[in-house]
1. Taking the Cα-to-Cβ direction at residue 164 and at residue 385 and moving 7 Å from each Cα, how far apart do the two end points lie in nm?
2. Just for region 230-386, what percent of DSSP beta bridges are antiparallel, to the closest 5?
3. Starting from the exponent 0.38 and prefactor 2.2 Å, build the expected Rg for the chain from its residue count and divide its actual Cα Rg by it.
4. Which of rounded, prolate, oblate describes region 225-275, given a ≥ b ≥ c as roots of the alpha-carbon gyration tensor eigenvalues and a/c under 1.5 marking rounded, otherwise prolate only if a/b is larger than b/c?
5. Using label points projected 7 Å from each Cα along Cα→Cβ, tell me how many nm separate residue 68 and residue 145, to one decimal.
6. Once fully extended, how much extra length lies between residue 113 and residue 255, figured as 0.36 nm per residue of separation less the alpha-carbon to alpha-carbon distance?
7. So the label point goes 7 Å from the Cα of residue 365 along Cα→C-beta, right? Which residues of region 81-101 then have their backbone N under 20 Å from it?
8. Give, in nm to one decimal, the length gained when the segment between residue 223 and residue 171 is fully stretched (0.36 nm per residue of separation minus the Cα-Cα distance).
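Values quoted throughout were computed directly from the atomic coordinates according to the rules given, and no laboratory measurement underlies them. Keep in mind the model is a prediction, meaning the values are calculated, not measured. All Cβ positions, glycine included, derive from the backbone under ideal geometry; neighbour counts span all protein chains shown.
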Ligand code: XIL
């Protein structure tokens, strides 16, 4: 990896509660307990007349608690749900202070035909966010997935050679970042550029442009919007493994070469069947990036499970979310925590991971799961420390 990263920079220079079993069982089917308790308590006589800390906590939104703890709470947004579902829109507005386009800012969506940009869906998201007083994370400029056919076919047929491809990439970054200039606080400039062995990913970009494309992408994005914070972003880098080490090295080399990289994003796509890093390990991992001068963010948290869900899996899921949130809160420059969708009704997981699902913090009927309360508790505790 050292060689690969060095080459990159060189090229860039050129270019428990104690519940008994009985009680648990009597609480009904998995996930219902929290909901039902909340509903029952909400209906309890005199409840509204007795404001106090507990009541505040129960009714506080993630975004409120996040504000008190000093972290933006974000979600990926599905534009069709935004268009079609009023309940979705309500939760989006009340619970979150930051949004990321789940797909609408990806290359295939923004530039389906060469030179013809379709801004509508992405604009709709940004306008909605502005109306809701939410910030916008940009996702993503350079990725190996969800590229338009004209580009991948063009490279494959040889119609687009390396020089042309570099021009196309430059143009895309300048156009997209320029279009949203001033309205996006963080951009995922390069997404998933290192593979699970800690090597630069053999993508269309690396194969055709060489490793210098990474530094180039950051420079072009910075030129187009000098105020946006520019991020590296990837999955499976939550804790201190070989892949995270490779990112650490990449970040170090880029910074030494004066490349405008400002942040490290950890996606956080977890699964209960794999177990989790501890919050301390996540925090230490983030803190080493912060020691380089970078900000950090959790950018795409979700915790999937093998279907169907049960009480134990939902509680394990809550712990998974919590380790990411606590890791972020225990770090010093982790400014945003984004979930990759907030309701199982619209999650990408069942369509991507066969037999898995239930990965978000609200169920298909928008009812809170244990993970939702776990995040709130973490935020409230962090707010108390401030
Ligand atoms: C996913 C979306 O959620 C899906 O709707 C789409 O079909 C594929 O991409 N890492 C990323 C995200 O950086 O862009 C991916 O989003 C999930 C994994």
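1. It is 5.4 nm.
2. Around 15 percent of the beta bridges assigned by DSSP in region 230-386 are antiparallel ones.
3. Working it through for the chain, the quotient is 1.01.
4. Oblate is the answer for region 225-275, as a/c is 1.5 or above yet b/c matches or exceeds a/b.
5. 3.6 nm
6. Working it through step by step, the gained length comes to 47.6 nm.
7. Label zone hits: 85-92.
8. Taking residue 223 through residue 171 to full extension adds about 17.5 nm, to one decimal.
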